[in-house]
Amino acid sequence: MERSLVLIKPDAIQRSLAGQIISRLERKGLKIVAMKMLHMDKDLAQRHYAIHKGKAFFDDLVTFITSSPLIAIVFQGENAVQIIRQMMGETDPAKALGGTIRGDFGIDVGHNLVHGSDSPQNACQEIDLFFSAQEIFDYDRDLDTWVY
Ligand code: IDP
Ligand code: MG
């Protein structure tokens, strides 16, 4: 079953939107298999966003993501990566459709509330940055009979 790394970013925590964002993903049927609150340090931020190194917004991005604690979650489900990207909406909240997390709650591209992995392969690498194997839970939910 596919997994995706979701970060409830510092702006979402500061604005008390964590519960609503997690709830949306949970209600979709996605299963939480790992979760922790942490304050990202510069090293982890630079590794997580390594692909953006050299871009104009990189320094601001690292400053923002390390500015305050966040919640890291591994969600599991069929097509979890694509489903979460759709539910997040476009990177720029000004362009994200209503009904998406960024479309409903955000305004500025630098404060877009949530991260979700963009491919199953990147999801595996990102999950490894945040969680050890022992921190990821393998368990059954009775309701999966009704989700799938
Ligand atoms: P994504 O989060 O939708 O995958 P990416 O292109 O991977 O978007 O960019 C990573 C993060 O970098 C974005 O979520 C956003 O926080 C930030 N970012 C992207 N483009 C800009 C920009 O033009 N200005 C400021 N921040 C940006
Ligand atoms: Mg991305």
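Highest mobility in the GNM of the chain, judged by mean-square fluctuation with C-alpha springs under 10 Å and restricted to Ala80, Ala34, Ala50, is found for Ala50. Cross-link partners for Lys28 among the lysines, with Cα-Cα distance under 22 Å and sequence neighbours closer than 8 places in the same chain left out: Lys9, Lys36.
When Lys36, Lys28, Lys55 are compared by accessible surface with a 1.4 Å probe, the order from highest to lowest is Lys28, Lys55, Lys36. Taking His48, His111 and ordering them by how much accessible surface each has at a 1.4 Å probe, largest first, produces His111, His48.
Using a 1.4 angstrom probe on the protein heavy atoms only, line up Glu126, Glu26 by accessible area, largest first.
Sorted descending by solvent-accessible area, the residues read Glu26, Glu126.
Name the residues of the stretch 1-21 whose amide N is less than 16 Å from a point 7 angstrom out from the Cα of Leu38 along the C-beta direction? Residues 4-10 qualify, since their backbone N sits under 16 Å from the label point.
Principal axis extents of the Cα atoms in the stretch 99-148, from largest to smallest and rounded to whole angstrom, are 38, 31, 18. For a distance above 23 Å, tell me the whole-number percent of Cα pairs in the chain that qualify. Every Cα pair in the chain considered, those over 23 Å come to 32 percent.
Shown in residue order for the stretch 25-32 are the 3J(HN,Hα) couplings computed by the Karplus curve 6.51 cos²θ - 1.76 cosθ + 1.60 at θ = phi - 60°: 5, 5, 5, 4, x, 5, 9, 7 Hz (x for Gly and Pro). In the stretch 21-142, a dipole from Cβ-located charges (positive for Lys and Arg, negative for Asp and Glu) runs towards its positive end, and of His48, Ser68, His111 it is His111 whose Cα lies farthest in that direction. Charging the Cβ of each Asp and Glu at -1 and of each Lys and Arg at +1, and nothing else, the dipole of the stretch 1-128 about its Cα centre rounds to 220 debye.
Rolling a 1.4 Å probe over the protein heavy atoms leaves Phe64 with an accessible area of roughly 30 Å².
Return the calculated 222 nm mean residue ellipticity for the chain, to the nearest 500 deg cm²/dmol, obtained by summing -39500 (n - 2.57) across DSSP H runs with n ≥ 4 and dividing by the residue count. Write out the running numbers ahead of the final one.
Values: 8 runs with 60 residues, N = 148.
Counting only the DSSP helices, I get -10500 deg cm²/dmol.
Per-residue Karplus couplings for the stretch 131-143, computed as 6.51 cos²θ - 1.76 cosθ + 1.60 with θ equal to phi - 60°, are listed in order as 9, 7, 4, 6, 8, 10, 9, 10, 8, 9, 10, 4, 5 Hz, Gly and Pro entered as x.
The values are calculated or read from the model by the stated rules, or taken from the named source; none is laboratory data. None of the values given here were measured: they were computed from a predicted structure. Cβ sites come from the backbone with ideal geometry, for glycine too, and all protein chains shown count toward neighbours. Please note that ligands, DNA and RNA were not included when accessible areas were found on the heavy atoms of the full protein model with its side chains. Shrake-Rupley method; radii C 1.70, N 1.55, O 1.52, S 1.80 Å.
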